[in-house]
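Chemist: Take a look at the following structure, please.
The values are calculated or read from the model by the stated rules, or taken from the named source; none is laboratory data. Please read these numbers as outputs of a predicted model, since none were measured by experiment. Cβ coordinates were reconstructed from backbone atoms using ideal geometry, including for glycine residues, and neighbour counts include every protein chain displayed. The area values use the complete protein model at the heavy-atom level, side chains included, leaving out ligands, DNA and RNA. Shrake-Rupley method; radii C 1.70, N 1.55, O 1.52, S 1.80 Å.
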Amino acid sequence: MSEIKLATETRTEFGKGSARRVRRAGQVPGVLYGHGTEPVHITLPGHELQLALRTPNVLLSLDIEGRTELAIPKAVQRDAIKSFLVHVDLLLVKRGEKVTVEVPVQSEGELAPGGFLLEHVLNTLTVEAEATHIPESFTVSVAGLAGGASVLAKDIPLPAGVTLAVEEDTVVLQVLASQAEEPAAEAAEGDQAAQA
């Protein structure tokens, strides 16, 4: 995973009025914390941050008044209607340090014939990985799976240096039998009873 460099500035004003002024200027207010340090209130460039956050668990290289810090997003607040960034919490990380993150799970392939449905029990898988080598996503093949089949956390191949942070037997994906035929059969029985 590559680092995305962002120039930041420290903030000395707080509160709703100050945050609104920051957002009107095209910036996003944020807090940087971790490693037992005092939280640092910062502003980040809005457009660049929005683009960076398209990648889950993106590694940010922050230039804060001449020093560089590495961070990952911990909490992102967006406007409920317009979806613009309201505030971001960033967690300080160091090269070589292990962090616990949620990585998106994607599926590929066709299920076995028969009208089966794939249920994503978990949309993300919690893993522990080095801060500079966090996977962007995990892709799981569901080709040929039939009703009743499950994909467990331990079945998902992990890159070197990445370990599960959930129980191995946690169900991530499961295949369900289609329910469409049963209601149709009940409806036919109901029609026969009505005709009698």
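Chemist: Per residue of the chain, what 222 nm ellipticity follows from adding -39500 (n - 2.57) for every DSSP H run with n ≥ 4, rounded to the nearest 500?
Modeler: -4500 deg cm²/dmol
Chemist: To the nearest 10 degrees, how steeply does helix 181-195 sit against the main Cα axis of the chain, on a 0 to 90 scale?
Modeler: Helix 181-195 sits at roughly 50 degrees to that axis.
Chemist: Order Thr170, Thr139, Thr8 by their accessible area, 1.4 angstrom probe, all chains in place, largest first. Could the numbers behind the result be given before it?
Modeler: On the way: Thr170 40, Thr139 70, Thr8 10 Å².
Descending order: Thr139, Thr170, Thr8.
Chemist: Next question. Just to be sure I understand, if you calculate P(r) over Cα pairs in 10 Å bins from 0, in percent for this structure, which of (1) 8, 34, 40, 16, 1, 0; (2) 8, 27, 23, 18, 12, 7, 4, 1, 0; (3) 8, 27, 31, 19, 8, 4, 2, 1, 0 do you get?
Modeler: Here P(r) over Cα pairs in 10 Å bins from 0, in percent agrees with entry (2).
Chemist: For the range 110-156, what does the alpha-carbon gyration tensor say about shape, rounded, prolate or oblate, given a ≥ b ≥ c as the root eigenvalues, a/c under 1.5 as rounded, and a/b over b/c as prolate?
Modeler: Prolate is the answer for the range 110-156, as a/c is 1.5 or above and a/b outweighs b/c.
Chemist: Mind checking the per residue accessible area of the chain for me, 1.4 Å probe, whole number of Å²? Don't skip to the answer; put the middle values down first.
Modeler: Numbers: 11480 Å² over 196 residues.
Here the per-residue accessible area is 59 Å².
Chemist: If Phe138, Phe14, Phe84, Phe116 are ordered by their accessible area, calculated over protein heavy atoms with a 1.4 Å probe, which sequence runs from highest to lowest?
Modeler: Ranking Phe138, Phe14, Phe84, Phe116 by accessible area, largest first, yields Phe14, Phe84, Phe116, Phe138.
Chemist: Ignoring ligands, DNA and RNA, what percent of the accessible area of the chain is carbon or sulfur (1.4 Å)?
Modeler: About 50 percent, which is the carbon plus sulfur part of the accessible surface.
Chemist: Which residues make up the longest stretch of the chain that has no GluC sites (Glu not before Pro) in a DSSP loop with at most 16 other Cβ atoms within 10 Å?
Modeler: By the stated rule (loop sites, at most 16 other Cβ atoms within 10 Å), 14-64.
Chemist: If you don't mind, another one. What shape does the range 29-72 take by its C-alpha gyration tensor, where a ≥ b ≥ c are the square roots of the eigenvalues and a/c under 1.5 counts as rounded, a/b above b/c as prolate, and the rest as oblate?
Modeler: prolate
Chemist: A further question follows. Under 29 Å from the Cα of Lys98, which lysines turn up, not counting those fewer than eight places away in the same chain?
Modeler: Correct list for Lys98: Lys5, Lys74, Lys154.
Chemist: Using alpha carbons only, how many angstrom separate the centre of the range 148-169 from the centre of the range 76-111?
Modeler: The distance from the Cα centre of the range 148-169 to that of the range 76-111 comes to 19 Å.
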